[in-house]
Number of protein chains: 2
Amino acid sequence: MNASTSDFPTGSTRMSEQMSDALPPSEQHVRQYAAVRNAHETELLEDYVELIGDLLKYQGEARSTDIAARMGVSQATVSKTVTRLKSQGLVDSQPYRSLFLTEKGEAMAEMARRRHAIVLQFLRALGVSDGTARIDAEGMEHHVSRETLEVMERFTRERGRD
Amino acid sequence: MNASTSDFPTGSTRMSEQMSDALPPSEQHVRQYAAVRNAHETELLEDYVELIGDLLKYQGEARSTDIAARMGVSQATVSKTVTRLKSQGLVDSQPYRSLFLTEKGEAMAEMARRRHAIVLQFLRALGVSDGTARIDAEGMEHHVSRETLEVMERFTRERGRD
DNA sequence: ATACTATCTTAGCCATGGCTAACTTTTTTC
DNA sequence: GAAAAAAGTTAGCCATGGCTAAGATAGTAT
Ligand SMILES: [Mn+2]
Ligand SMILES: [Mn+2]
Ligand SMILES: [Mn+2]
Ligand SMILES: [Mn+2]
């Protein structure tokens, strides 16, 4: 249940690495953690609208059951989250009916889709296997800034084996 | 308050990218989301032990106040989280006293420290600016698999300007 | 020693994101 | 078109991770 603590490469720690481990200035440090908390606030909603958009596109319909099956959670959990999505004006639906994205939801889905694709393609271009790349990209995407995305895009374009 | 939905590069979407956006098989998709939920379970605890370790190392002591200041949260929040850290056997402390890491806490801190450093150095080696790299690394680190870490390490070693 | 200040804890509040169980509605089957 | 199955909702539970307000303890000055 607990994350393994010995699950990572044990390669040599070089001199030059030592320096970068000192504590950053407090204000910087605070910004780092705040950015993470911030990302976590919208993470799930982003994944939902992205998935709903994909289901609409590839299956013509987005049903709660499909979402529950894909996300690996119960239907009740999906129902509750959909209520939140509606209250945030991202999703539209009648009770017991299929789900749709609002304009705002479309926009968020489109952003998430693009961002996710950039990170996934980058990881593959780097040389990470497809399965691992998909898993890592799903979590990483929400923590990648615009600047880093641009660097990733350029890398994939220039050196990608995609 | 809501995440901006137009905050990302709008570069052209190439043909080859289109294919990779199709829905992955359901089981794979479930694994992706499960991995993210899993990472989020330990994420905060990892950052706490990492920070406590750094404070012990660089300031000789790890006080709740310092943690609260660095994390940008209230002391009450730190107190509550420390209770959890103790109940998981990661941290040791007497009431109103400084914090220490258990063996288990040390191990987790060491893992987190290494992983965090690898991701940070990788981003810098990629060409991301220091400030951005620090922010992105803080969130990304928890979602990077062993395989990807190894690829990042190799990249930094071979092409890094570090 | 007393008083002040800084630190830490506790209680109680809230939102999020899981779950199961019970119920309702819709869809399919016969 | 009735019965059965599938899909969706609601209620109520729990843990996490924030917060404020109030109180307790420790450390510093005077
Ligand atoms: Mn995701
Ligand atoms: Mn970290
Ligand atoms: Mn972190
Ligand atoms: Mn995360």
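The values are calculated or read from the model by the stated rules, or taken from the named source; none is laboratory data. Just so we're clear, the structure is a prediction, and the values are computed from it rather than from any experiment. A quick note on method: Cβ atoms are made from the backbone with ideal geometry, for glycine too, and the neighbour counts reach across all protein chains shown. Quick note on the areas: whole protein, heavy atoms, side chains included, nothing else; ligands and nucleic acids left out. Shrake-Rupley method; radii C 1.70, N 1.55, O 1.52, S 1.80 Å.
Note on chain B: GNM, Cα springs under 10 Å; of B:Arg31, B:Arg134, B:Arg114, the largest mean-square fluctuation is that of B:Arg31. This model, with +1 at the C-beta of Lys and Arg and -1 at the C-beta of Asp and Glu, gives the protein assembly as shown a dipole about its Cα centre of some 200 debye. Using the alpha-carbon atoms, what tilt in degrees (0 to 90, nearest 10) does helix A:26-59 show relative to the longest principal axis of chain A? Long axis of A:26-59 versus the principal axis of chain A: about 40 degrees. For chain B, averaging the sequence separation of C-alpha pairs within contact (under 8 Å, six or more residues apart) and dividing by the residue count gives a relative contact order of 19 percent.
Solvent-accessible surface of the range B:27-159, averaged per residue with a 1.4 angstrom probe and all protein chains in place: 43 square angstrom. Between identical copies, the spacing of A:Ser79 label points, each set 7 Å from Cα toward the C-beta atom, reads 3.9 nm from nearest to farthest. For B:Gly60, the label point sits 7 Å beyond Cα toward Cβ; its separations from the matching points on the remaining copies run 7.3 nm, from shortest to longest.
Interface residues of the range A:121-162, defined as a loss of at least 50 Å² in heavy-atom accessible area between the chain alone and the complex of all protein chains with a 1.4 Å probe, are A:Gln121, A:Leu126, A:Arg134, A:Ile135, A:Asp136, A:Glu138, A:Met140, A:His143, A:Arg146, A:Glu147, A:Thr148, A:Val151. Of the residues B:Ser79, B:Asn38, B:His143, the one whose Cα sits farthest toward the positive end of the charge dipole of chain B, with +1 on the Cβ of Lys and Arg and -1 on the Cβ of Asp and Glu, is B:Ser79. How far, in degrees from 0 to 90, does helix A:130-140 lean away from the longest principal axis of the Cα atoms of chain A, to the nearest 10? Its long axis makes an angle of about 90 degrees. Taking only Cα atoms, what is the 0 to 90° angle, nearest 10, from helix A:75-87's long axis to the longest principal axis of chain A? It is inclined by approximately 90 degrees.
Gain on full extension, evaluated as 0.36 nm per residue between A:Glu103 and A:Ala69 minus their Cα-Cα distance, stands at 9.7 nm. With the helix formula -39500 (n - 2.57) applied to DSSP H stretches of n ≥ 4, chain A reaches a computed 222 nm mean residue ellipticity of -22000 deg cm²/dmol. Where along chain A is the Cβ that lies nearest the axis linking it to chain B, and how many Å separate them? Residue plus distance in Å, as requested: A:Met140, 2. Mean separation of Cα pairs under 8 Å and 6+ residues apart, divided by the residue count of the range B:83-126: what relative contact order is that in percent? So the answer I get is 24 percent.
Each other copy holds its own label point for B:Arg159; taking that point as 7 Å from Cα along Cα to Cβ, the gaps run 0.1 nm, nearest first.
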